[in-house]
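Student: This is the structure I have questions about; it appears just below.
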Amino acid sequence: MPTDIEIAQAATLQKILPLAQRTLDLPEEALSPYGHYKAKLGLEYLPALAGRKNGHLILVTAISPTPPGEGKTTTTVGLGDGLNHIGKKSMICLREPSLGPCFGMKGGAAGGGQAQIVPMEDINLHFTGDFHAIALANNLLAALIDNHIHHGNALGIDVRRISWRRVVDMNDRALRDITVALGGPGNGYPRQDGFDIVVASEVMAILCLATSLEDLKRRLGNIVIGSTADKRPVTARELKADGAMAALLRDALAPNLVQTLEGNLAFVHGGPFANIAHGCNSVIATQTALKLADYVVTEAGFGADLGAEKFMDIKCRKAGLQPSCAVIVATVRALKYHGGADAKKPGSDTLQALEIGLANLGRHIENVQQHYGLPAIVSINRFDADTAEEIARIQAYCQARGVRCVLATHWAEGGAGAAELARAVVAQCEQGGARAASIYEDALPLADKIRAIASKVYRAGEVVFEPKAAAQLQEWQNAGWGQLPVCIAKTQYSFSSDASLRGAPEGHVLRVREVRLAAGAEFVVAICGDIMTMPGLPKVPSAERIDVDAQGRISGLF
């Protein structure tokens with residue numbers, strides 16, 4: 001069986017400019033090509049689309065992730081191909097992969113099998129340079145902060161209260177907590193600092209939520225980098241950093257256009273993690289796709305408790321988006337894992353484990369339908385080892401809850417393998433009835449917004465705030481930031497903040513150890529449990545398998 005990268009490298013790609021003109025009626029001058037097979041859609045072209053009617057927006061989410069993965073991105077690509085396969089005009093909107101997971105555990109994130117976006121190696125590695133631009137804009141602000149202090153500190157920034165951190169798009173635990181400006185007076189004032197991964201940065205979130213260059217610059221200027229000794233917030237605008245940061249991000253704000261293996265078009269733009277950021281592709285890409293296609297398939301990172309909640313409460317709230325339905329991806333293997341199966345214990349992956357693990361699926365169905373207000377369709381991402389009895393049990397479980405459950409084989413068969421799923425999605429979109437809902441109202445205090453998510457979505461029995469976090473939330477509430485939504489950073493592997501609690505735990509305690517203000521992105525981050533905004537590499541990182549030969553052919557991405 002060929003690997004994902006071998007399948008992608010064997011494909012015959014179509015040149016992106018004529019493909020876009022033929023399928024989406026995009027004129028050549030609207031696109032800036034990056035080679036033959038990827039391009040950026042110019043921001044200046046977007047106003048011409050404003051009068052068009054929006055297509056249907058379909059959210060692809062999943063059960064709580066397991067270490068092997070569930071194939072959510074693969075299903076997103078497969079469903080997009082499936083919709084085109086049955087004669088519908090469809091586009092896909094995905095996030096750009098981060099180099100951290102590519103060289104860490106995942107080894108790539110462009111779909112899999114016959115349901116991939118290509119050119120796979122480009123998308124997984126440097127792509128169009130968006131992440132480099134985001135890192136540079138972020139680190140320019142960091143440099144300007146230290147430079148301002150070195151040259152007299154006219155704004156009176158308290159070096160003990162600087163909250164802005166540097167970033168790099170790599171998993172590197174050694175950079176979590178560092179000291180900068182050592183070596184004497186010429187190097188500035190020594191202080192404690194640290195790095196986050198690019199995809200957890202506020203600049204990434206700002207790029208993904210901005211609706212124009214003007215909005216991007218406004219948000220960048222609103223970034224709060226720290227405060228003075230009397231706790232007055234200091235912004236990037238006061239440091240006169242917003243203009244240069246926006247200049248660095250000018251091209252990055254334009255959405256990237258690529259294709260699937262079947263020649264269907266996809267926007268791949270932005271890449272915030274859903275466990276430590278808001279986990280959705282850019283608003284600009286999604287809004288543009290809705291003007292270009294009748295059906296737009298997008299994903300939100302990790303399970304429906306993380307990415308889907310932030311999709312609804314942050315992205316849709318801010319952008320005014322109205323999804324038509326949600327597809328929840330599940331696998332037999334993952335449901336068994338949530339029922340106690342252990343790959344290291346032969347014989348533990350029993351039908352009983354599947355029965356127990358179905359509670360995790362049930363919880364996500366309930367959240368999507370009751371709390372997010374979306375009709376749900378369950379898609380079983382089929383593996384060769386799945387038995388008819390196992391699949392029938394999942395389908396019966398869904399049927400008992402009035403939810404359509406569809407078997408999908410897009411990994412092996414591409415769009416044809418997702419045709420039934422596509423028809424189910426179209427039927428649901430035509431039926432209507434979606435009334436997108438939020439977990440909380442804007443006016444609810446910040447701490448109560450966190451409690452609302454914890455109790456309704458996670459089924460936590462209690463939320464415990466570290467004293468410093470509780471005081472900081474109250475301070476921001478009093479300062480006028482209480483209307484902002486909240487973005488909870490926690491493990492993706494459990495409804496709780498404890499990765500070891502599989503299935504559908506209830507009554508657990510959500511511990512909020514730290515909070516961060518993202519005034520430019522316009523949300524507040526609550527960091528829970530032991531989640532890190534700078535991940536580390538695993539014992540055997542994927543980087544050890546990635547290579548390039550003398551002809552420049554890359555291997556090891558999967």
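The values are calculated or read from the model by the stated rules, or taken from the named source; none is laboratory data. Because the structure is predicted, anything quoted here is derived from the model rather than measured. As a convention, Cβ positions derive from the backbone with ideal geometry for all residues, glycine included, and neighbour counts pool all protein chains shown. Areas reflect the complete protein model, heavy atoms only, side chains present, ligands, DNA and RNA absent. Shrake-Rupley method; radii C 1.70, N 1.55, O 1.52, S 1.80 Å.
Student: What is the antiparallel percent of DSSP beta bridges lying wholly in the range 96-207, to the nearest 5? Mind dumping the intermediate values first?
Tutor: Numbers: 5 of 8 bridges.
So the antiparallel bridges in the range 96-207 amount to around 60 percent.
Student: Turning to a different aspect of this structure: In whole percent, what relative contact order does the range 1-65 give with Cα contacts below 8 Å and a gap of six or more residues? Mind showing how you got there, number by number?
Tutor: Working: 34 pairs, mean separation 13.4, N = 65.
Rounded, it is 21 percent for the range 1-65.
Student: Calculate, axis by axis, the spread of Cα positions in the range 322-374 along the three principal axes, and write the results as whole Å, longest axis first.
Tutor: 45, 14, 14
Student: Given charges of +1 on the Cβ of Lys and Arg and -1 on the Cβ of Asp and Glu, with all other atoms neutral, how large is the dipole of the chain about its Cα centre, in debye to the nearest 20?
Tutor: Numbers: 55 positive and 57 negative charges, 174 e Å.
I would put it at about 840 debye.
Student: Label points 7 Å out from Cα along the Cβ direction at Arg250 and Ser455: separation in nm?
Tutor: The modelled label-to-label distance comes out at 5.0 nm.
Student: Please report, largest first and rounded to whole Å, the three semi-axes of the ellipsoid equivalent to the range 348-492, where each semi-axis is the square root of five times an eigenvalue of the C-alpha gyration tensor. Before the final figure, lay out the partial values.
Tutor: Values: eigenvalues 282, 77, 36 Å².
Calculated on Cα positions only, the semi-axes equal 38, 20, 13 Å.
Student: How much of the DSSP bridge set in the chain is antiparallel, in percent, rounded to the nearest 5? Mind dumping the intermediate values first?
Tutor: Working: 29 of 67 bridges.
Counting DSSP beta bridges with both partners in the chain, the antiparallel share is about 45 percent.
Student: Gap in Å between the Cα centre of the range 1-56 and the Cα centre of the range 95-143?
Tutor: Between the Cα centre of the range 95-143 and that of the range 1-56, the gap is 18 Å.
Student: Normalising by the residue count of the range 282-349, find the relative contact order in percent from Cα pairs under 8 Å and 6+ residues apart.
Tutor: 17
Student: How high is the FRET efficiency from Gln474 to Leu49, r the C-beta distance, R0 51 Å, rounded to 0.05?
Tutor: Values: r = 44 Å, r/R0 = 0.85.
Once rounded, the FRET efficiency stands at 0.70.
Student: Something else now. With point charges of +1 on the Cβ of Lys and Arg and -1 on the Cβ of Asp and Glu, referenced to the Cα centre of the chain, which listed residue (Val509, Pro119, Gln192) lies farthest in the positive direction of the dipole?
Tutor: So the residue we want is Val509.
Student: Let me ask something else about it. Work out how much length Ala437 to Met105 would gain on full extension: take 0.36 nm times their residue separation and subtract the Cα-Cα distance, in nm to one decimal.
Tutor: On the way: separation 332, 0.36 × 332 = 119.52 nm, distance 3.41 nm.
Fully extending the segment from Ala437 to Met105 adds 116.1 nm.
Student: For the pairs Lys38/Lys240; Lys89/Lys217; Lys240/Lys490; Lys53/Lys89, flag any whose C-alpha to C-alpha distance is greater than 23 Å. Don't skip to the end; give the middle numbers.
Tutor: Numbers: Lys38/Lys240 34 Å; Lys89/Lys217 34 Å; Lys240/Lys490 34 Å; Lys53/Lys89 14 Å.
As for pairs spanning more than 23 Å Cα to Cα, those are Lys38/Lys240; Lys89/Lys217; Lys240/Lys490.
Student: Here is a follow-up. Residue farthest toward the positive end of the dipole of the chain, with Cβ of Lys/Arg at +1 and Asp/Glu at -1: which of Leu374, Leu13, Leu257?
Tutor: The residue sitting most towards the positive pole is Leu374.
Student: Give the dimensionless ratio obtained when the Cα radius of gyration of the chain is divided by 2.2 N^0.38 Å.
Tutor: Details: Rg = 22.8 Å, N = 558, 2.2 N^0.38 = 24.3 Å.
Normalised Cα radius of gyration, the chain: 0.94.
Student: Once you order the gyration tensor axes a ≥ b ≥ c over the Cα atoms, which shape class does the range 3-55 get: rounded for a/c under 1.5, otherwise prolate or oblate by comparing a/b with b/c?
Tutor: On the way: a/c = 2.68, a/b = 2.06, b/c = 1.30.
Prolate is the answer for the range 3-55, as a/c is 1.5 or above and a/b outweighs b/c.
Student: Just to be sure I understand the model, the point goes 7 Å from the Cα along the line to the Cβ. What's the resulting Asp177 to Ala343 distance in nm?
Tutor: Modelled inter-label distance: 3.2 nm.
Student: I've got another one for you. Just to confirm the filter: which trypsin sites (Lys or Arg not before Pro) across the range 234-301 are DSSP coil and have at most 14 other Cβ within 10 angstrom of their Cβ? It would help to have the intermediate numbers written out before the result.
Tutor: Values: sites: Arg237, Lys240, Arg250, Lys291; in loops: Arg237, Lys240, Arg250.
Of the trypsin sites (Lys or Arg not before Pro), the ones in loops of the range 234-301 whose Cβ has at most 14 other Cβ atoms within 10 Å are Lys240, Arg250.
Student: Moving to a separate point now. Could you tell me which of Leu24, Tyr295, Leu155 has its Cα farthest along the dipole of the chain towards the positive end, charges placed at Cβ (Lys, Arg +1; Asp, Glu -1), taken about the Cα centre?
Tutor: The Cα lying farthest towards the positive end belongs to Leu155.
Student: If you bin every alpha carbon distance in the range 165-276 into 5 Å steps from zero, what whole percent lands in each bin?
Tutor: 2, 10, 14, 17, 19, 16, 10, 5, 3, 2, 1, 0
Student: What length, rounded to one decimal in nm, is gained on full extension from Val548 through to Asp294, with 0.36 nm per residue of separation minus their alpha-carbon distance? Before the final figure, lay out each step's value.
Tutor: Details: separation 254, 0.36 × 254 = 91.44 nm, distance 3.99 nm.
Between Val548 and Asp294, full extension yields 87.4 nm more.
Student: On the protein heavy atoms, probe 1.4 angstrom, tell me the percent of accessible surface of the chain carried by carbon and sulfur. Before the final figure, lay out each step's value.
Tutor: Values: 11000 of 21590 Å².
Here carbon and sulfur together make up 51 percent of the probe-accessible area.
Student: Just to confirm, what accessible area per residue do you get for the chain at 1.4 Å probe, in whole Å²? Write down the numbers at each step before the final one.
Tutor: Working: 21590 Å² over 558 residues.
Normalised by residue count, the accessible surface of the chain is 39 Å².
Student: Next question. With a ≥ b ≥ c the root eigenvalues of the C-alpha gyration tensor of the range 431-533, is it rounded (a/c under 1.5), prolate (a/b larger than b/c) or oblate? Don't skip to the end; give the middle numbers.
Tutor: On the way: a/c = 1.81, a/b = 1.10, b/c = 1.65.
Judged from the Cα gyration tensor, the range 431-533 comes out oblate (a/c at least 1.5, b/c at or above a/b).
Student: With +1 on each Lys and Arg Cβ and -1 on each Asp and Glu Cβ, how big is the dipole of the range 450-558 about its Cα centre, in debye rounded to the nearest 20? List each step's numbers first, then the result.
Tutor: On the way: 12 positive and 11 negative charges, 41 e Å.
For the range 450-558, the charge dipole is close to 200 debye.
Student: I've got another one for you. Within the set of other residues whose C-beta is less than 11 Å from the C-beta of Gly482, count the net charge using Lys and Arg as +1 and Asp and Glu as -1.
Tutor: Numbers: positive: Lys449; negative: Asp442, Asp448, Glu475.
Summing Lys and Arg as +1 and Asp and Glu as -1 gives -2.
Student: Starting from one equal scatterer on each C-alpha and no solvent at all, send me the Debye-based log10 I(q)/I(0) for the range 241-360 at q = 0.13, 0.23 Å⁻¹, two decimals.
Tutor: Rounded to two decimals, the profile gives -0.70, -1.28.
Student: Using a 7 Å offset from the Cα along the Cα-to-Cβ direction at both Glu514 and Met1, what is the distance between the two label points in nm, to one decimal?
Tutor: 4.0
Student: Taking one equal scatterer on every alpha-carbon of the range 492-558, how large is log10 of I(q)/I(0) by Debye at q = 0.19, 0.27 1/Å?
Tutor: Each listed q corresponds, in turn, to -0.88, -1.16.
Student: Roughly speaking, what is the centre-to-centre gap between the range 219-291 and the range 502-558 when only Cα atoms are used, to the nearest Å?
Tutor: Computed from Cα coordinates, the inter-centre distance equals 19 Å.
Student: Which of the trypsin sites (Lys or Arg not before Pro) found in the range 466-558 are in a DSSP loop and have at most 16 neighbouring Cβ atoms, other than their own, within 10 Å? Spell out each step's value before the answer.
Tutor: Details: sites: Lys468, Lys490, Arg502, Arg511, Arg513, Arg516, Lys539, Arg545, Arg553; in loops: Lys490, Arg502, Lys539, Arg553.
Within the range 466-558, the qualifying trypsin sites (Lys or Arg not before Pro) (loop, at most 16 other Cβ atoms within 10 Å) are Lys539, Arg553.
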